[in-house]
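Worksheet for the structure shown next.
The values are calculated or read from the model by the stated rules, or taken from the named source; none is laboratory data. None of the values given here were measured: they were computed from a predicted structure. In this analysis, Cβ positions are derived from the backbone assuming ideal geometry, glycine residues included, and neighbour counts consider all displayed protein chains.
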Amino acid sequence: MPSNLTKTAKNLRKKATRVETILWSQLRAKQIEGVKFRRQQPIDEFIVDFVCFEKKLIIELDGGQHAQARAEDRERDNRLSEKGYTVLRFWNNEVVENLTGVLEVIRKKCL
């Protein structure tokens, strides 16, 4: 794994968005079904928002910029799926407006 990717991931952890902070406060410390999540984690050439290696589950939060990047996101998701990961994508406003629903979807995938 390239060290510049690791540096970038560290920077992203330091500069988390408000929505990432909201979701991380619910995922950290094995709060969902005792499952450990990591945030801003390099996987191959990608940095994913949140990952549970045990369950091979990736959670991505999408802001408005992703409306234009759907093809790239699909390609990225397909590449991660080929490695055995399930990718859940949530819009930022979903996390803000329906955190309970988002957490329930994540919880079900962890079971």
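Cβ-Cβ under 9 Å, sequence separation 6+ or interchain: first residue in the stretch 22-40 and free of Cβ contacts under 8 Å to residues at least 24 places away in the same chain and assigned to a loop (DSSP other than H, G, I, E, B), partner aromatic (Phe, Trp, Tyr) and loosely packed, with under 13 Cβ neighbours inside 10 Å. Which pairs?
none
For the subset of the stretch 30-58 comprising residues that are among the polar types (S, T, N, Q) and either more than 8 Å from the chain's Cα centre (by Cα) or at pLDDT 95 or above (or both), which member is farthest from residue 15 (Cα to Cα)?
This residue is 31.
Got a sec? Which of 74, 18, 79, 70 is touching a strand residue (DSSP E or B) at 6+ places or on another chain (Cβ under 8 Å) and over 18 Å from residue 111 (Cβ atoms)?
79
Could you list, in sequence order, all residues of the stretch 7-46 that are surrounded by 13 or more Cβ atoms within 10 Å (Cβ to Cβ) and polar (S, T, N, Q)?
8, 17, 26, 31, 40, 41, listed by residue number.
Among 49, 73, which is of a type in the set (Asp, Glu), touching a helix residue (DSSP H, G or I) at 6+ places or on another chain (Cβ under 9 Å), part of a strand (DSSP E or B) and surrounded by 12 or more Cβ atoms within 10 Å (Cβ to Cβ)?
Among 49, 73, only 49 is of a type in the set (Asp, Glu), touching a helix residue (DSSP H, G or I) at 6+ places or on another chain (Cβ under 9 Å), part of a strand (DSSP E or B) and surrounded by 12 or more Cβ atoms within 10 Å (Cβ to Cβ).
For the stretch 53-68, name all the residues that are surrounded by 11 or more Cβ atoms within 10 Å (Cβ to Cβ) and within 15 Å of residue 89 (Cβ to Cβ).
57, 58, 59, 60, 61, 62, 63, 66
Assess whether residue 105 counts as being free of Cβ contacts under 8 Å to residues at least 40 places away in the same chain, closer than 24 Å to residue 7 by Cβ, surrounded by 13 or more Cβ atoms within 10 Å (Cβ to Cβ) and out of contact with any helix residue (DSSP H, G or I) (no Cβ under 9 Å at 6 or more places or on another chain).
For residue 105, the condition - free of Cβ contacts under 8 Å to residues at least 40 places away in the same chain, closer than 24 Å to residue 7 by Cβ, surrounded by 13 or more Cβ atoms within 10 Å (Cβ to Cβ) and out of contact with any helix residue (DSSP H, G or I) (no Cβ under 9 Å at 6 or more places or on another chain) - is not met.
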